[in-house]
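Q: I have a structure I would like to understand better, so I am pasting it below and will then ask my questions one at a time.
The values are calculated or read from the model by the stated rules, or taken from the named source; none is laboratory data. Remember, predicted model here, so these are calculated numbers, not experimental data. A quick note on method: Cβ atoms are made from the backbone with ideal geometry, for glycine too, and the neighbour counts reach across all protein chains shown.
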Amino acid sequence: MTLPIVLGLSLPHWIIFILQDRLLPNVDFAAIMEFPPSSKTPMAISQTPNLPIQSLKKSHPLFLTKFNSSEHPPFFPFFFFFLLLTFCYFLSLLVLVYLHYHTFRTSPTSKLHLLPMHQAEYLPPSGTDISLVLQGGYNHPLARVWQSERQLTKLMFIFPLFVSDVEDEETEIPSLPRIKRHGINKLAAYVRPLVEKGLRAVILFGVILKDGVKDSVGSAADDPDGPVIQAIKLLKREFPSLYIMCDVCLCEYTDHGHCGILNDDGLLKREPSVLRIGAVAVNYAKAGAHCVAPSDMMDGRIKEIKLGLIAAKLENKVLVMSYLAKFLGSLYGPFRDIAGLAPSHGDRKLYQLPSGGAGLARRALVRDIEEGADAFIVKPSTFYLDIVNEALKICKDFPLAVYQVSGEYAMLHAAAEKGVADLKAIAFESHNGFLRAGARLFISYFTPEFLEWLDEE
């Protein structure tokens, strides 16, 4: 398109060039175009020695006006050339219009002008308070995900495994629906499909069923042939990517069912209890555990475990997850059924926190941070979300887990069986509550179900 425009605009100049060079070679057109004529400079025709006026008249009849060589040329020659230039420019314009129209007709968009034009729309004025309109922000499933602060993922779930000293055992516990206790020979077959579905972490609890194994100091807890250390080695071998945590306590292994070593009067002796628990934790770490989680609630046990790991040169390989708040509660019943650890006398009021002890929980948290804990657990969970939120304020830079204990799990199943709630819906609701409160990890008996439910979501 550029070339026709250039040629069209230059057409008058080509015509003048032809006139000057071919028809009137001796005429000074620049002088002719001067208007009005200068009194000091005669017009070009009168100054042309080689082209007499008579010959110009004969050759070009347009010059009919009489004038002699001493006079200025009349107005008519200027007017003639002005008309000629005007005609040339209009001719160029017509050529350009034709070329543009021809190009437009042959272009792909040549028929766009035939399409109906869309009329711009305007919303009517409205007095609605826009701050009240929220539902558009979560009307789509993806938008609802965006509106949630955090989402449940498989990486957040830790599955409790109960391993007994009866090698071929596989027993269901009526008070704990869908949860089984396994011997070492049955464990890998049970865990394998869960790992294939995305299970990433487990926490091990040893169960002593054989007679004569339990004693006053919990010797079976770190027995190399005991259920926990055997399970650590098996899981490390069969599932290298699985994160293995170990609950560290003596209550499963003592003949009195308490979490430490007792005095003659039946009360716990703190110092030997802490030293024994520290030794058990170190032996689990030596067997290959990635994390040790002392649940005994003895004062000073985090420090002793840390010192033991340093002495064993394992301090950089093992995470210490403290039960910062293990409350004395009414929802441990099914767990005690499956682990067989109800105390033979008394209770645990002297070392587990009272249910109203929020201040004690905060103080225990500060103490365990100072002693070197790497992460924390609140147990139970549902009735203690305020403790979770308080803990988050104090240890915001530490991973925080909740343990939905066996009684909480059984309650949700009972509600579903009675038709009070849908099991999946109420499980999601409870775990989203943990997430909102500030927990980032869940020790949950619902883990196998969530491995499937999260895929469905």
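Q: So, in the range 410-457, exactly how many residues are more than 23 Å from I377 (Cα to Cα), over 20 Å from the mean Cα position of the chain (by Cα), in a helix (DSSP H, G or I) and among the aliphatic types (A, V, I, L, M)? Show your work before the answer.
A: Within the range 410-457, the first condition is being more than 23 Å from I377 (Cα to Cα), and the residues that meet it are 413-425, 452-457.
Restricting the remaining residues to those that are over 20 Å from the mean Cα position of the chain (by Cα) gives 413-425, 452.
If we keep only those that are in a helix (DSSP H, G or I) as well, we get 413-417, 423-425, 452.
In the following step, the residues that additionally are among the aliphatic types (A, V, I, L, M) were identified as 414-416, 423, 425.
Total satisfying the criteria: 5.
Q: Of all residues being in a helix (DSSP H, G or I) and β-branched (V, I, T) in the range 271-295, which is farthest from Q230 (Cα to Cα)? Just the residue, please. Lay out the reasoning, then the answer.
A: As a first pass, look at the range 271-295 and keep what is in a helix (DSSP H, G or I): 271-287.
Those left that are additionally β-branched (V, I, T): 274, 277, 280, 282.
Values: V274: 24, I277: 18, V280: 14, V282: 15 Å.
Once the filter is applied, the top-ranked residue is V274.
Q: Something else about it: Any residue in the range 195-223 that's free of Cβ contacts under 8 Å to residues at least 12 places away in the same chain: show its pairings with residues that are assigned to a helix (DSSP H, G or I) and of a type in the set (V, I, T) at Cβ separation under 6 Å, as long as the two are six or more apart or on different chains.
A: Note: no pairs meet the criteria.
Q: So H182 passes all but one of these: (1) over 37 Å from the mean Cα position of the chain (by Cα); (2) in contact (Cβ under 8 Å) with a residue 60 or more places away in the chain. Which condition number does it fail?
A: So the condition that H182 fails would be (2).
Q: While we're here: Say we look at the range 232-286 and pick out the residues that are over 20 Å from V320 (Cβ atoms) and in contact with a Pro (Cβ under 6 Å, 6 or more places away or on another chain); which of these is surrounded by the fewest Cβ atoms within 10 Å (Cβ to Cβ)?
A: Here the answer is G257.
Q: Failed condition for M298, given (1) at pLDDT below 90; (2) assigned to a helix (DSSP H, G or I), with all others met?
A: That leaves (2) as the condition not met.
Q: Limited to the range 366-421, what total is found for residues that are among the aromatic types (F, W, Y) and surrounded by fewer than 21 Cβ atoms within 10 Å (Cβ to Cβ)? Quick ask: steps written out before the conclusion?
A: Kept after step one, since they are among the aromatic types (F, W, Y), are these residues of the range 366-421: 376, 383-384, 398, 403, 409.
From the residues that got through so far, the ones that are surrounded by fewer than 21 Cβ atoms within 10 Å (Cβ to Cβ) too are 383, 398.
The number of residues fulfilling the criteria is 2.
Q: Would the range 352-363 turn up any residue that is in contact with a His (Cβ under 9 Å, 6 or more places away or on another chain) and surrounded by fewer than 17 Cβ atoms within 10 Å (Cβ to Cβ)? If you could, list the steps in order and put the result at the bottom.
A: The initial filter retains those residues of the range 352-363 that are in contact with a His (Cβ under 9 Å, 6 or more places away or on another chain), namely none.
No, the range 352-363 contains no residue that is in contact with a His (Cβ under 9 Å, 6 or more places away or on another chain) and surrounded by fewer than 17 Cβ atoms within 10 Å (Cβ to Cβ).
Q: For the range 233-254, give me each residue that is more than 15 Å from P160 (Cβ to Cβ) and outside any loop (DSSP other than H, G, I, E, B).
A: Selection gives K233, L234, K236, R237, E238, T254.
Q: Could you please tell me which pairs satisfy a Cβ distance under 7 Å, a separation of 6+ or placement on different chains, a first residue in the range 419-441 that is touching a residue at least 60 places away in the same chain (Cβ under 8 Å), and a second residue that is surrounded by fewer than 16 Cβ atoms within 10 Å (Cβ to Cβ) and in a loop (DSSP other than H, G, I, E, B)?
A: Cβ pairs passing all conditions: L435/R150; R440/P399; L441/P399.
Q: Please specify each residue of the range 161-178 satisfying the condition of being in contact with a Leu (Cβ under 7 Å, 6 or more places away or on another chain) and not hydrophobic (A, V, I, L, M, F, W, C). Can you show your working first?
A: So in the range 161-178, the residues in contact with a Leu (Cβ under 7 Å, 6 or more places away or on another chain) come out as 161, 163-166.
Passing the criteria: S164, D165.
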